[in-house]
Every structure is written in structure tokens, then in C-alpha cells.
Amino acid sequence: MAETILVLNAGSSSIKFELFEVAPGDRLASRFSGQIEGIGVRPHLYARKAGGETLVDRAVALEEAADVERAMGVVEAWLDEILDGSPAAVGHRVVHGGPVHAAPIAIDARVLTTLESFVPLAPLHQPNNLAPIRSLLRRRPDLLQVACFDTGFHRGHGELADRFALPEALWEEGIRRYGFHGLSYEYIAARLPELAPEIAQGRVIVAHLGSGCSMCALRAGRSVESTMGFTALDGLPMGTRPGQLDAGVVLHLLTAKGMDAAALERFLYHECGLKGLSGISNDVRVLLASPDPRAKRALDFFTYKIAQMTGWLAAALEGLDGFVFTAGIGENAPTIREAVAHRLAWLGMTLDPHANAVHGPLISAAGSRVRVYVIPTDEELMIARHTLAILRRGRPGGAARSTAAG
């Protein structure tokens, strides 16, 4: 029976999962992937084999998946039906490792308690990331679980990149810039030597553009700066989050508008970004198809901010050799890529229209001073690699960097 690694990525309304088979030489191959979505509203479970064959596609009773923890029970029950045995280990995406965790780690009750203390730093993500961990610890305490952190890849930043202009005591308490989407950036950095060897050791900006958006400056494959900071609210405008925001606006909402902390949190995480700007939708596909001028304004603002922050990151890198688009919007929206490149023509960025239309991977024109790529990300594979590395170490609490598996 083949050894397997299960990867879980839990959000507020869905649990994504993917099962990887460990092939000879510790290479990882996806066997199937899926998700339970609509948790607490209209739950639905589906999964497909790597080749596309549907394994399950059915509605789930609301009471069975009223929250993330109960939905995890549905996923477990379905996995028990189709698998010959339990996976060797389970890897989890955990958004925040705080100032404590810079590398993936095997989870026990002590580690879970530490991760729970970071909930205030990522209130939209961390509680949902931890719910399946808690469920599995209770139901299957002997199963190895590994936490892989979105903040980990950025922990090598210089101090100047991570500080705010705040008193030293707050820095010591962990009030600093962390950066997120690190698993995505780590995967792209690992792919560059194969797909873009001419820029892999140079100065590269990666734009992770999805429902959450951020950008990362890489030098020789290592993160030196990121647009996201203390929380996942900072940097680029996102589907429902505002991105960069004057702290005085927050004070104004608290005082002049009478918002309390809970209302402000709900507003900043769910009512801003492209949704707030357009008044129409947080979905770029809907906005691109809309004739409403508010949709165009929201997308113009989006691409303006991407270009603006490219200049900021290029300054941190002291130049720019390459640019990579990734994640849902970055991989699938040639119109957005074209608009960004147009705004960055001053950097010598020029796209090949045909290459851009077919999603690359190389989409820059022959004479472009900056090489531009579209590279699909794979956070699940990155998590599986880390999980396998810790499994091979064979001891709880052990941390490991990524391996060459996969």
C-alpha cells in the first residue's frame, strides 16, 4: 500500500484537501483533490482524481457541516470510505506563525496553544486553519500533523524591512511586519531555476493575485520584502480587504463613525477592496465583464496599486530583472496583466500579446528589459513537501526546510 500525505487548507467557508502519493525517491504525485464548500450555508462536497475523473459531487446536510470542525468530520468520513488506510501524515496551511515559528513544525497540544495565541494577528484565517488540527488531535492523536506557515518564507528579512516606526517595546512584543502568502512564494522561488534560469538568481518581483493579494521581492530566490505587513490587511487592495490604509482612517471610523472593534474588523475584512470600490462584486471576472464605470474604476485602482508597489519593491531590490504573475487572477486574467505591464512600461516592461493571451509561461516581448512570466502556484505541493520532510525526520516537534521532493 502506497504511503500518502494529506494536505488541508481550511478557510471560513471551505476546506480544501489534496492527497499526495509518495513515489520512489520520495517524489510526490497528486492522487486527488477537492473541497467541502459552503460550510454553514449550503455545504457541498466534491473531489476529482488528478486525471479529472469525479470521485464525489454531492450536497451535504447543513447540520453535518454547520462549522469548519463539523465539516472536517464529513471530509474524514469520506476519506475513510475511499482510502485503504490512514495517510502517513497531514500537512496544514496555517497563516500566522507569529514571531516564534519560522519553519514548518510537527503539532502537539503545546504548539496548538501557541498558534491559538496568534488568532488576533489573523482573525479571518487563523481560527479556521486551526479547527481541523484541533479535530484531528482529538480524534486521531497518533497521526502526525504538520503546520506550514504563510509567514515563514519571509522570516529572513532584514530588520529594517520588518520594523514599524513604533517604540521598541512593541517590536519586542511581536508588533512587526510579517508578510504572507509565503508558501506560494516559496513554490515560485523553487520553480524559477527550471522555468526562468536567467532570472532565478537575480532580482524578481512575484505578484500573488487572488482573492487575497500581495507581492514579494526576491533576491536569489529569498524574500527580502513583501507588501503585506503585520496582518493580511496591508499592501494591495484585495477582493474584500482595503490594502494600504492610513491609520488615521481607522481612528476616524472608531470615533466619528462610532464603530466598535468588532464592526471595524468586519468592515475591513469583508466590505472593502474591490467589493467596496465597485459596489458590485469582489470577483475580478464579474468586474471585467461589467459595463458599469464603477467596475472599471475598481480595476484601474487595482492595477495602479500593483504598479505603484512594484516601484517600491524594485527600490528594495535596487533594480529589477524579472516579474512573475501567479494565483487565480495572476494566472488567468491577461487583461489585468496587460494593464499592469502598460503602467510599468517606464521600467522597460513590454508584453508579447499572443504569449500573454495563452498564459505564457514567458509573456514578455523579445525586447523587454524585464522578463515577465506567468507561473501557476501550488501551495498544496509545498505543504506536502514540508510534511514529508518532517515525517522523514521521525520525531515530534521537528522542523525542516523544503526538500527536493515533488
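The table below lists the values:
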| quantity | calculated |
| --- | --- |
| Filter result (in contact with a Leu (Cβ under 7 Å, 6 or more places away or on another chain) and either over 23 Å from C272 (Cβ atoms) or at pLDDT below 95 (or both)) within region 293-324 | A314, L320 |
| 3 or more residues surrounded by fewer than 17 Cβ atoms within 10 Å (Cβ to Cβ), without any contact (Cβ under 8 Å) to a residue 12 or more places away in the chain and touching a Pro at 6+ places or on another chain (Cβ under 9 Å): qualifying helices (runs of 4 or more DSSP H) within region 211-299 | none |
| Looking only at region 168-182, and only at residues there that are of a type outside the set (F, W, Y) and part of a loop (DSSP other than H, G, I, E, B), the one that is most open to solvent (accessible area, probe 1.4 Å) | E173 |
| Condition broken by P123, with the remaining ones in (1) open to solvent by 30 Å² or more (accessible area, probe 1.4 Å); (2) touching a residue at least 24 places away in the same chain (Cβ under 8 Å); (3) farther than 25 Å from A263 by Cα satisfied | (3) |
| Residue count for region 236-266, restricted to those that are among the polar types (S, T, N, Q) and under 27 Å from the mean Cα position of the chain (by Cα) | 2 |
| Wholly enclosed strands (runs of 3 or more DSSP E) of region 1-77 bearing at least 2 residues under 19 Å from L137 (Cα atoms) and at pLDDT 90 or above | 4-10, 14-23 |
| Whichever residue in region 42-92 is hydroxyl-bearing (S, T, Y) and in contact with a strand residue (DSSP E or B) (Cβ under 7 Å, 6 or more places away or on another chain) and, among such residues, is most open to solvent (accessible area, probe 1.4 Å) | T54 |
| Yes/no for E331 being part of a helix (DSSP H, G or I), at negative phi, open to solvent by 70 Å² or more (accessible area, probe 1.4 Å) and of a type in the set (D, E) | no |
| Breaking point among (1) closer than 19 Å to L245 by Cβ; (2) over 21 Å from the mean Cα position of the chain (by Cα), for R294 | (1) |
| Qualifying residue in region 93-104 (condition: loosely packed, with under 15 Cβ neighbours inside 10 Å and more than 22 Å from the chain's Cα centre (by Cα)) | no |
| Check on L137, aliphatic (A, V, I, L, M) and assigned to a helix (DSSP H, G or I) | yes |
| Count of residues meeting criterion [touching a residue at least 24 places away in the same chain (Cβ under 8 Å) and outside any strand (DSSP E or B)] in region 98-120 | 12 |
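Every residue, every condition in (1) modelled with pLDDT of 95 or more; (2) closer than 30 Å to A247 by Cβ, yes or no:
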{"site": "D84", "(1), (2)": "no, no"}
{"site": "L121", "(1), (2)": "no, yes"}
{"site": "H125", "(1), (2)": "no, yes"}
{"site": "H157", "(1), (2)": "no, yes"}
{"site": "F164", "(1), (2)": "yes, yes"}
{"site": "E168", "(1), (2)": "yes, yes"}
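The values are calculated or read from the model by the stated rules, or taken from the named source; none is laboratory data. Quantities reported herein were computed from a predicted structural model and do not represent experimental measurements. Every residue, glycine among them, receives a Cβ derived from its backbone with ideal geometry; neighbour counts consider all protein chains shown. With ligands, DNA and RNA removed, areas are computed over all heavy atoms of the protein, side chains included. Shrake-Rupley method; radii C 1.70, N 1.55, O 1.52, S 1.80 Å.
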